[in-house]
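Notes follow once the structure below has been shown.
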Amino acid sequence: MSPKTRAYLEKLYQLLERMPEDERLDAIREIESHIAEGVAGGQSEDAILARLGDPRVLAKAYRSEYIMEKGPAKRSFANVMMMAGFYCSTGLLSIMIIPVLATIAYGFGFCAVIIFIAGFIRTLGIGVTWIHMSLGPGMEVPTEWSMVFSTIAGGIIGGIAYVSWRGLRLYMSFLSASYKKVLPGNRAM
């Protein structure tokens with residue numbers, strides 16, 4: 001193995017620091033095996049390394065695959081944000097789609113909960129005069145209908161949040177499937 005290949009593998013190992021040690025070693029072994037098979041097939045190490053590309057992109061693909069395949073237990077908020085950052089940094093379309101869908105999903109979800117709570121508080125009428133609900137100018141919702149109104153409005157807004165969240169997950173799954181092609185085991189030699 002050439003010093004250039006060894007340096008590539010060491011860099012890849014360092015970039016995989018957020019993964020468990022056994023997963024890191026599996027990734028390195030997979031790349032070593034890929035390089036060895038290519039060399040045995042008559043390819044130069046330089047050509048194989050060029051085809052593998054930047055170790056940062058390869059490491060991101062391995063981390064993404066690890067998070068997606070290990071299930072919800074590994075999908076912590078930090079891991080999902082790391083994946084979103086990866087996807088946003090890998091394409092112009094992703095830079096626009098992911099933040100928009102995430103903002104709609106989480107923003108509308110938060111608003112749906114607040115609307116429901118406001119309707120509940122207004123219905124109880126615990127001396128709350130600062131919560132106003134209206135259908136338009138001069139069309140105030142009666143206090144006794146606050147819960148019904150907030151449930152309907154919160155349901156609509158919550159539905160928009162859910163559809164955006166599902167769209168975000170589907171888009172990220174699509175990108176994960178696309179980036180798996182970057183991994184050597186999923187590419188044609």
Inset, instruction - Grab the other residues whose beta carbon is less than 12 angstrom from that of H132, score K and R as +1, D and E as -1, and report the net. - result: 0
Legend entry - Relative packing of 104-111, 130-137, which averages over residues the other C-beta atoms within 10 Å, highest first: 104-111, 130-137
Inset, instruction - Any chance you could tell me what percent of the C-alpha pair distances in the range 94-135 go past 13 Å? - result: 62
Legend entry - Charge context of A105, other residues only, Cβ under 14 angstrom, K/R +1, D/E -1: +2
Legend entry - Inter-centroid distance (Cα atoms) of the range 26-62 relative to the range 97-161, Å: 53
Inset, instruction - Quick one: which residues, 5 or more positions from M133 or on another chain, have an amide H under 5 Å from its amide H? H modelled 1.01 Å from N in the peptide plane, none for Pro or chain starts. - result: V141
Inset, instruction - First select every other residue whose beta carbon is under 11 angstrom from the beta carbon of Q43; then total the charges, Lys and Arg +1, Asp and Glu -1. - result: -2
Inset, instruction - Take peptides 4-11, 146-153 and line them up by average Cβ neighbours within 10 Å, highest first, as a rough protection proxy. - result: 146-153, 4-11
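Values in this text are rule-based calculations from the coordinates and carry no lab data. As the structure is a computational prediction, the values presented were derived from the model and not from experiment. Cβ: placed from backbone, ideal geometry, glycine included. Neighbour counts: every protein chain shown.
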